[in-house]
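Participant: The structure under discussion is supplied below as structure tokens; questions concerning it will follow.
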Amino acid sequence: MGISKAGSTGQEEQNRTAERDPRKAWWTAARFGMFIHWGLYALPAQGEWIMYAQKTPVREYEKLAQRFNPTEFDAKAWVALAKEAGMRYIVITAKHHDGFAMYGSKADPFNIVDATPFGRDPLKELAEACAEAGIVLCFYYSHVIDWHHPHALHKEHNNTWDYKLEEKRFAEYFEGKAKPQLKELLTEYGRVGLLWFDTAGGLSEEDSKDIVRHVRSLQPDCLINSRVSHFMGMGDFVSKGDNEIGMSGEDTRPWETPMTLNQSWGYTTKDQVWKTADSLIKKLVNVIGKGGNLLLNVGPMPQGTIPELSAERLREVGEWTGRNAEAIYGTDGSPFPVELEWGALTTRPGRVYLHVHNDKWPANGLRLGGIRNRVLRAYCLADQSRTELEFEQAYDEELELHTLEIRLPDEPADQYVSVVALELEGENDFDRTLTQMPDGVFQLEVPHAKISLVREADEEAGIPVIRGAEWTFKLVKPGTYELLLVSFKRHDQAWNGLYPEPILLESAGQVIAVDPREDLADSDSPSCQHPYTAVLSRMGQFTWDQAGVHTLTLLSSRLKDPAPKFTEIWHADAVKLRALRLVRVDG
Ligand code: H79
């Protein structure tokens with residue numbers, strides 16, 4: 001019996017090849033970084049979009065600089081906190097959308113050295129502190145949006161209260177400010193690990209390529225994120241949407257999730273919705289288990305310190321990353337194309353690490369499919385005496401199924417997430433096909449389906465394009481399953497109308513057509529956070545009498561073009577169709 005590879009294996013191969021790219025190796029091994037949003041906007045303390053939200057005239061906004069005097073800024077303390085959290089790189093806003101340079105720029109006097117009483121260059125100080133501590137320094141640079149410069153032009157978010165759109169000459173901004181400032185950043189601060197661009201809406205393909213060439217000519221090893229352009233495939237790695245965690249197998253290139261600790265980037269007194277250390281660790285392992293990086297944000301205060309509520313969370317995360325470093329840095333994501341209900345999985349040659357959520361701690365042992373190697377030893381990483389855990393391996397010839405059953409200790413060994421390390425004999429050998437795990441729910445993720453066009457859009461009639469997702473999967477436990485559609489819904493959207501037509505499901509001669517409802521909220525999903533909520537819709541039931549390979553198709557206009565030409569991250573989708581979850585109803 002064989003099983004088609006459902007499109008996933010090729011992508012994973014490419015991921016591993018990319019990780020071997022020596023330019024990117026430091027970054028893919030680093031896994032965890034600190035994002036810092038700091039600028040004049042820290043003073044009004046309502047986030048980095050305040051100038052735009054309040055249409056503050058440039059001359060007014062500039063007055064903030066006269067009051068910006070972060071005398072408590074201590075680069076070494078920030079770098080020490082990043083290090084303590086287990087973060088291996090820092091990305092700081094050298095210039096955000098407000099156009100204010102947080103370093104001494106000769107290209108534009110609207111900068112921290114020339115326009116504030118502070119007069120120091122925090123990026124210089126950070127560069128020194130980072131070099132000393134072995135942290136890689138990187139810069140965020142808003143290359144298209146600039147509300148201060150009269151000629152900056154974005155597709156959507158422009159300063160239209162001071163300047164007239166029709167009088168803008170983009171080249172004057174691009175050649176006169178953006179490129180010269182990038183040159184300063186790439187020539188006066190030593191090695192820059194990566195440049196983190198944002199919101200490229202409206203930037204032509206030619207200008208996007210020009211920026212990439214510009215960066216490469218100054219520091220060839222400096223990595224560039226995909227948001228340098230809204231044309232697909234540019235840069236060295238994929239930035240997921242803000243606070244978006246990638247799905248298993250979704251990206252063929254290395255990727256990173258930029259994420260907030262609360263619900264904001266720049267310092268704000270309004271937002272006190274903080275993620276707990278528990279949920280941050282679960283999100284971190286969810287990301288690295290899919291092969292991604294996590295870039296976790298802090299928004300320092302106007303006097304130059306990182307808010308204590310942020311710092312205390314990062315220190316708590318750091319205790320965990322310190323104990324579990326072996327299961328984090330330099331690892332690969334899971335070879336198995338499924339979300340694991342109990343947590344996440346990472347690997348390195350000769351090792352598999354099971355990141356088990358303590359609140360899902362399996363009392364009767366943990367069962368896992370797909371490891372073909374003989375397991376030599378199993379133990380909890382947090383257990384300093386490395387007490388060996390009992391385990392058993394089995395092989396089902398008919399199903400070609402390798403299973404491992406581990407007897408876990410009665411109590412979790414670590415805080416929040418406990419890592420079980422497995423030592424393998426020989427070279428890692430995993431079954432990467434889409435196969436049901438022996439325990440828990442089975443989720444068919446959209447990136448692991450073959451997507452095809454079912455019906456073209458009829459724009460006149462207002463009918464959207466319908467696509468089909470076809471999964472080929474190996475079912476291990478035959479029986480009747482409840483089918484749950486997994487969607488991420490944007491917080492500001494009403495459910496009605498998000499799915500414009502019924503969803504059609506078909507497998508083994510069974511057909512269901514249902515308008516998905518907002519039946520259950522999945523508040524426990526580590527891969528979903530504000531501004532999205534995970535929603536489950538009950539679609540009905542299918543029965544499969546036989547174990548083995550089956551196919552299931554899903555038809556919806558919400559299935560996206562698998563090879564789009566553009567990304568439009570500044571327009572986050574109202575709803576994201578993520579997966580179909582199969583829950584066995586008969587025990
Ligand atoms: O730097 C952070 C954001 O400021 C930036 N990306 C992260 C890393 C970002 N730029 N644009 N966007 C995010 C999307 C813009 C969303 C908007 Fe709005 C919706 C702009 C206006 C309405 C969010 C809500 C910002 C202001 C109100």
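Participant: Which residues, taken from the range 209-258, are crowded, with 20+ Cβ neighbours inside 10 Å, part of a helix (DSSP H, G or I) and out of contact with any Cys (no Cβ under 7 Å at 6 or more places or on another chain)?
Facilitator: I211, S226, R227, V228
Participant: Which of the residues that make up the range 89-127 are among the aromatic types (F, W, Y) and farther than 16 Å from L64 by Cβ? I'd like the intermediate steps shown before the answer.
Facilitator: The initial filter retains those residues of the range 89-127 that are among the aromatic types (F, W, Y), namely 89, 100, 103, 110, 118.
Hits for the range 89-127 are Y89, Y103.
Participant: Go through (1) without any contact (Cβ under 8 Å) to a residue 24 or more places away in the chain; (2) within 13 Å of the ligand (Cβ to nearest atom) and name the single condition T93 misses.
Facilitator: (1)
A quick yes/no check of all residues on (1) surrounded by 15 or more Cβ atoms within 10 Å (Cβ to Cβ); (2) farther than 30 Å from K282 by Cβ; (3) over 27 Å from the mean Cα position of the chain (by Cα):
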position	(1), (2), (3)
K489	yes, no, no
I503	yes, no, yes
A513	no, yes, yes
S523	no, no, no
Y532	yes, no, no
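Participant: Might you check whether a residue that is away from the ligand (no atom under 14 Å from the Cβ), more than 22 Å from H157 (Cβ to Cβ) and at pLDDT 95 or above occurs anywhere in the range 32-41?
Facilitator: Within the range 32-41 (the criterion being away from the ligand (no atom under 14 Å from the Cβ), more than 22 Å from H157 (Cβ to Cβ) and at pLDDT 95 or above), the answer is yes, since at least one residue qualifies.
Participant: Which pairs turn up if I take residues in the range 29-51 that are hydroxyl-bearing (S, T, Y) and look for partners that are within 11 Å of the ligand (Cβ to nearest atom) and in a loop (DSSP other than H, G, I, E, B) with beta carbon separation below 7 Å, at least 6 apart in sequence or on another chain?
Facilitator: As it stands, the answer is Y41/G47; Y41/E48; Y41/D98; Y41/G266, since those pairs meet every condition given.
Participant: Looking at G176, G119, which one is closer than 18 Å to L203 by Cβ and surrounded by fewer than 19 Cβ atoms within 10 Å (Cβ to Cβ)? Even if it seems obvious, please write down each step before you answer.
Facilitator: Working: G119 fails: closer than 18 Å to L203 by Cβ.
After applying the criteria, what remains is G176.
Participant: Considering the range 74-90 alone, what residues qualify as being assigned to a strand (DSSP E or B), touching a residue at least 60 places away in the same chain (Cβ under 8 Å) and surrounded by 24 or more Cβ atoms within 10 Å (Cβ to Cβ)? Steps first, please.
Facilitator: So in the range 74-90, the residues assigned to a strand (DSSP E or B) come out as 89-90.
Add one more test, that the residue is touching a residue at least 60 places away in the same chain (Cβ under 8 Å), and what stays is 89.
Correct list: empty.
Participant: Identify all residues within the range 156-181 that are away from the ligand (no atom under 16 Å from the Cβ) and in a loop (DSSP other than H, G, I, E, B); write none if there are none.
Facilitator: Once the filter is applied, which keeps residues that are away from the ligand (no atom under 16 Å from the Cβ) and in a loop (DSSP other than H, G, I, E, B), the range 156-181 yields D162, Y163, K164, K168, R169.
A quick yes/no check of all residues on (1) in contact (Cβ under 8 Å) with a residue 40 or more places away in the chain; (2) farther than 16 Å from I90 by Cα:
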{"position": "V228", "(1), (2)": "yes, yes"}
{"position": "E250", "(1), (2)": "yes, yes"}
{"position": "D271", "(1), (2)": "yes, yes"}
{"position": "L280", "(1), (2)": "no, yes"}
{"position": "L296", "(1), (2)": "yes, no"}
{"position": "P302", "(1), (2)": "yes, yes"}
{"position": "A311", "(1), (2)": "yes, no"}
{"position": "G318", "(1), (2)": "yes, no"}
{"position": "T321", "(1), (2)": "yes, yes"}
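Participant: May I pose another question? How about the range 243-258: which of its residues are within 12 Å of the ligand (Cβ to nearest atom) and out of contact with any helix residue (DSSP H, G or I) (no Cβ under 7 Å at 6 or more places or on another chain)? Before you say what the answer is, go through the steps one by one.
Facilitator: Going through the range 243-258, the residues within 12 Å of the ligand (Cβ to nearest atom) turn out to be 243-244, 256-258.
Of everything in the range 243-258, those that are within 12 Å of the ligand (Cβ to nearest atom) and out of contact with any helix residue (DSSP H, G or I) (no Cβ under 7 Å at 6 or more places or on another chain) turn out to be N243, E244, E256, P258.
The values are calculated or read from the model by the stated rules, or taken from the named source; none is laboratory data. All values reported here derive from a predicted model rather than from experimental measurement. Counting neighbours? That spans all protein chains shown, and the Cβs are built from the backbone with ideal geometry, glycine included.
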